[in-house]
Amino acid sequence: EVVREWSGRLQLEQSLASYLNIKEVIIVPGNVDTNTNTALLQSKEAAKYLESILSDESIIAVTGGTTIASISNYVHQTDKWKQLLFIAARGGVGKDVRLQANTIASLFANKMNGSYRTLYMPDSLSEEAYSTMKNEPFIKEMMDLYERTNIIIHGIGDALEMAHRRNSSVEEMQRLKEIGAVSEAFGYYFNNQGEAVHRIRTIGVQLKQLENMEHLLAVAGGTKKANALLSYFKQAPAQTVLVTDEGAAQEMMQII
Ligand code: G3H
């Protein structure tokens, strides 16, 4: 059983949920930036929450990144659910295959006796490749699955950190700064008003599709992500549940 009791937790969770205008905030003690135990607690809480919302035929989309990858370690090995389907929310990110949505979807599926669908393509497509790809049957199938997705588990990153991980050029980094990109999620970059100011040209979940999903589980912690979180949550769907840590939560309260 995960222990995450500490004085003032409940109040902080409630204040943040109401400020961010989302369904629920779950906070674990510590700061993932400096404490690996906090990262572990955060992943366990997220895994527990995911297990509580699954049903027999759930379609679960997952994004990439270290945070979401880690959660798959803490879901329980089970064959309780009949037909779980895990899908990659979009193509790859960076060079590390272990952190790509595709790989993470397969990790969850193997653990929970489900199946998975992947989306292998470069992270950033040319205009031409993008228009051609969009009409490919396997892409259309994926798009249809996004329409029927009940649950999405996603990370939230700092815009420039994510651009760096994607090996973006100096010009691209400069442009992101100019347009005020603060956070990144699902390949979208948001400014401090929560406006999507840029999107990497890849196939994946569309922002408007998130609105129809029953459960959105956002997992991101650490003091360093406070600004990114505030930016992303300026526009997040109200049914979102955020699992985070004390570091990010306290820092957000300071900024607010
Ligand atoms: O989109 C944001 C990233 O998924 C965050 O990655 O969990 O490795 O910080 P991270």
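Coordinate-derived values only; no laboratory data. Bear in mind that the values here come from a model prediction, so they are computed numbers and not experimental data. All Cβ positions, even for glycine, are placed from backbone atoms using ideal geometry, and neighbour counts span all protein chains on display.
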Set Lys48/Lys111; Lys82/Lys111; Lys48/Lys234, cut-off 18 Å on Cα-Cα distance; pairs above it are Lys48/Lys234
Correct semi-axes for the chain, from √(5λ) of the alpha-carbon gyration tensor and rounded to whole Å with the largest first, are 27, 24, 16
Quick calc, Asn113 & Arg199: beta-carbon distance into FRET formula, R0 30 Å, rounding 0.05, result 0.30
With a Förster distance of 30 angstrom and the Cβ-Cβ distance between Gln77 and Asn192, calculated FRET efficiency to the nearest 0.05 equals 0.10
Mean separation of Cα contacts under 8 Å (at least 6 apart) over the residue count of the chain, i.e. the relative contact order in percent, is 24 percent
Mean Cβ-within-10 Å packing, highest first, puts peptides 201-207, 143-149 in the order 201-207, 143-149
Quick calc, the chain, dipole around Cα centre from Cβ unit charges on Lys, Arg (+) and Asp, Glu (-), nearest 20 debye, gives 220 debye
Over the chain, the sum of -39500 (n - 2.57) across DSSP H runs of at least four, divided by residue number and rounded to 500 deg cm²/dmol, gives at 222 nm -11500 deg cm²/dmol
Expressed in angstrom and rounded, the centroid-to-centroid distance over alpha carbons for the range 198-256 and the range 84-142 is 21 Å
Computed about the Cα centre, the charge dipole of the range 36-158 from +1 Lys/Arg and -1 Asp/Glu charges at the Cβ has a magnitude in debye, to the nearest 20, of 360 debye
Toy charge model, Lys and Arg Cβ at +1, Asp and Glu Cβ at -1: the range 15-69 dipole around Cα centroid in debye, rounded to 20, equals 160 debye
